[in-house]
Structure formats: structure tokens, C-alpha cells
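What follows is calculated from the coordinates using simple rules that are stated; it is not laboratory data. These numbers come from a predicted model, not from an experiment.
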Ligand SMILES: Cc1cc2nc3c(=O)[nH]c(=O)nc-3n(C[C@H](O)[C@H](O)[C@H](O)COP(=O)(O)OP(=O)(O)OC[C@H]3O[C@@H](n4cnc5c(N)ncnc54)[C@H](O)[C@@H]3O)c2cc1C
């Protein structure tokens, strides 16, 4: 079979387009296939935990040029109290419509990269169990066959490439929480913008200050609240107004567009590849979005996959490379996965007394004077080890000294 490209990538968002950028840089002939046409939005908020990948992909400046806020504080509310602090680096919250489009265009700036948008992959071409390419069709029903030595599924959590290639799912956990979000204009801002997280009545509220006058507001709610909010989206705002300070801050604010939601996001790892195929991004690993790691994880996998493809050119067997990719992926993403599952599963409504005591302690400096020196020990004893490790890691940028 004559190859159309070195690599076919199904899915051209954060995972697929960033892999195409890296392969384009290496001079590889790449074709991205996506059933969407860009620019287009997708079901996702867009808190970016780390920005170094955008910088390495050489798109950070362009993403920031839209006038996004650089947010370097985080505030966590419990009832009517809150704790706020600096983060070791700033974050930005670019809409997916724009972020994905910038990445796609970056990839297309390399002459060897092509995009077939509005084309859906409908099946894999296999020869003696080895994947040789994909069959695609467009919205008018026209069909085409594309062959390549490698097909990468970057086609998200409902990945058909994963299904057709028989990728196995492991360490899985069914969706825990429904998520809803929407874009609001003119929410009264904090003096200094912060990512705001509200832990209230077993729910998690989040406010991402995207740019002056525009915020992304979200709620992870209890499973039995999904139908109610999906049927009556006004409930979203009613619940949001119960969060501390939000009734006032939402006066004069308006929803732009609609409230978007999902009953929940599946949690799993999948086999990362086999003969002639591989998976990156949500296609290979997905988790509840409460910790805002998915986009960053997709970038990380694109970088690892580009390395594997480079090594393959040097003659290393693909089986070994995929095995290494999967091991490295799972080692790097395992801690965030465990933290996310622990966070979302242990989230519960505080009892009346727990809440009353916390409100009384939060406003008492003598309590904090006594408690702060013991917090690290307490966290070590009470938490899963990775939580303390991640705190210690972040503390280094505030001068924490291991010695
Ligand atoms: C409600 C919600 C909120 C989230 N919030 C955050 C957050 O704040 N921060 C964060 O980091 N992460 C967040 N995430 C996670 C994040 O959205 C994902 O991790 C990320 O989108 C994964 O990117 P991807 O490129 O792997 O897949 P996707 O973004 O899902 O892209 C897959 C692409 O594949 C295409 N495709 C699928 N099937 C085919 C086919 N057969 N043929 C052709 N094309 C196909 C689709 O059209 C799509 O464009 C959130 C997720 C959800 C659901």
C-alpha cells in the first residue's frame, strides 16, 4: 500500500495538533484528520496548570496576545471563609476555540503538515493485525483511504482508534461528578484576580478569571443534580449565587451563550499503542476535570510520542518504543490521576459542627499561629503521599529547603 504520509493523526486539538507541530518541525509528512472544522469549541473549560508546553510549541505569545489575564493567585472558599495564596507560576485561561485554532495553524505553518477538517475517520485499515491506515469520509459522504506506517489516535475520550485497535482500558473508575460551566460577562472582580474554588455542600464551584469582564464559571455537582440542571439551566446560576459573595458579584452580570454540561468524565488509562498505531491525549488517559490537568497531560503525551517517533527513525523497534512510552506516561500521570480520584471521591458535605468550627477557626489568628507549624505533619499523616509531595514541590518556589 502506498503511504500518503509518515503519520496520520486522528483528532487535531491539544493532543493531535501539538504532535503535528513537533513532527512538522522534524520535517515529517503528517496528515491530521478531524471531523470538526476549525475554529471550533469543544466540551472543556481551559484552566492551564503549566505553560511551559505552550512556550516549547512556540505559541505562548500568540495565545497571550488576546489580552488574557495572568493569574498567579488561588483562593479556596469553605463556607463563608477562604484561604488565598500565591502560585509558583501564573496561569492563563484561553478558550479552546482559540487555543486549538492557534495550535492547528502552527502545525499548518510547516509545509509537510496537512489538515483534513470536516473528515471523519470511519475505520482502520488492517493487514494481518497491523494497522496500515484509515478510511475517512466527509460530510457529503465522499470517501477516501489514507495509508501510513503509523496512525495516532488523538481523538478524545470516545476514541474510535482505541476501539478499533482493541486498546485495553485499565485502572479505570466510572465518572464521579457531573460538570456544568458557562461564560459570564461583568461579574464583579476581585481586586487582584485569583482562580477561585468553592468547596461548598459537597459541590465544587470554580471561577476562572479569563480576561477583564469575562469569566468562566463552573460547578461540579452531586450526581443526582445532573438531570435537574440539564433540564433547567437557570438552576446553575441559582446554585452559584449561594457561593460566598457570588450573589452580590453576579448582580449586573450576564451569561453569554448557554450553560454546558456533562454527566461526568470517565477515568482510565488505555494501552498506548501496538503495531502501526498509538494513542495520545484523552484517547489514552482521561480523568475528572476537577484538577484541571487534561490539556497539560495531552501536551506532555504529544512530546513523549514525538520522541518515540524520532527514535523509530533511528531503527528502534516500535514495540519497545510504545512500551517505553506507556511506562513513562503512566509514571508521569499516575500521581495526578490518584490525586484527582482521591479529591473527587473524598469531597463531601461538611457536617454542621465541622463547618461551624472551621468558620470560628478561620477568623482566629491565634488558631493559625498554633496550627500552621503542624500542618505539614498533619498532611503527611492524613493524605495520600503524592499530595504532600506535590505541596513540597510547589513550596520550593517559595524558598522551601530540603536540606
Ligand atoms: C467539562 C470539562 C472541563 C474540563 N476542564 C479542563 C480544564 O479546565 N483544564 C484542563 O487542562 N483540562 C480540562 N478538561 C480536560 C480536557 O478538555 C481534555 O483533557 C482535552 O481536551 C484532551 O484533548 P485531546 O486533544 O486529547 O482530545 P479532544 O480535545 O477531545 O479532541 C479530540 C478531537 O478528535 C476529533 N475526533 C474524534 N473522533 C474522530 C473521528 N472518528 N474522526 C475524526 N476526528 C475525530 C474531535 O472532533 C476532536 O476535535 C475538561 C474536560 C471536560 C469534559
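With the alpha-carbon atoms as the only input, what is the per residue convex hull volume for the chain in Å³? Walk me through the numbers before you get to the answer.
Values: hull volume 65.5 nm³, N = 403.
It comes to 162 Å³ per residue, whole-number rounded.
If you wrap the tightest convex hull around every Cα atom of region 137-248 and split its volume per residue, you get 220 Å³.
When the chain is treated as a Gaussian network with alpha carbon springs shorter than 10 Å, the biggest mean-square fluctuation among 19, 333, 99 belongs to 333. Angle of helix 294-313 to the longest C-alpha principal axis of the chain, folded into 0 to 90 degrees and rounded to 10: 30°. The spacing between region 167-231 and region 305-341, judged by their C-alpha centroids, is 31 Å.
GNM remark for the chain: springs join alpha carbons under 10 Å apart, and the peak mean-square fluctuation among 239, 280, 93 falls on 239. Please determine, in degrees from 0 to 90 and to the nearest 10, the orientation of helix 318-346 with respect to the longest principal axis defined by the Cα atoms of the chain, where the helix direction is its Cα long axis. Taking Cα atoms only, the helix is inclined about 20 degrees.
Principal-axis analysis of the Cα atoms of the chain puts helix 352-362 at an angle of about 80° to the longest axis.
The value of relative contact order for the chain, using C-alpha pairs under 8 Å at least six residues apart, is 19 percent. In the chain, helices alone account for a calculated mean residue ellipticity at 222 nm of -10500 deg cm²/dmol, with every DSSP H run of four or more residues adding -39,500 (n - 2.57).
Where the centroid of each part is defined by its Cα atoms, how far is region 60-135 from region 367-403 in Å? With region 60-135 and region 367-403 each reduced to a Cα centre, they are spaced 31 Å. Counting Cα-Cα pairs of region 26-78 in 10 Å increments starting at 0 gives whole-percent bin shares of 14, 35, 37, 11, 3, 0. Counting only DSSP beta bridges with both residues in the chain, tell me the antiparallel percent, nearest 5. Taking every DSSP beta bridge within the chain, about 70 percent pair in antiparallel fashion. Annotation: the antiparallel percentage among DSSP beta bridges lying fully within region 1-109 is about 65.
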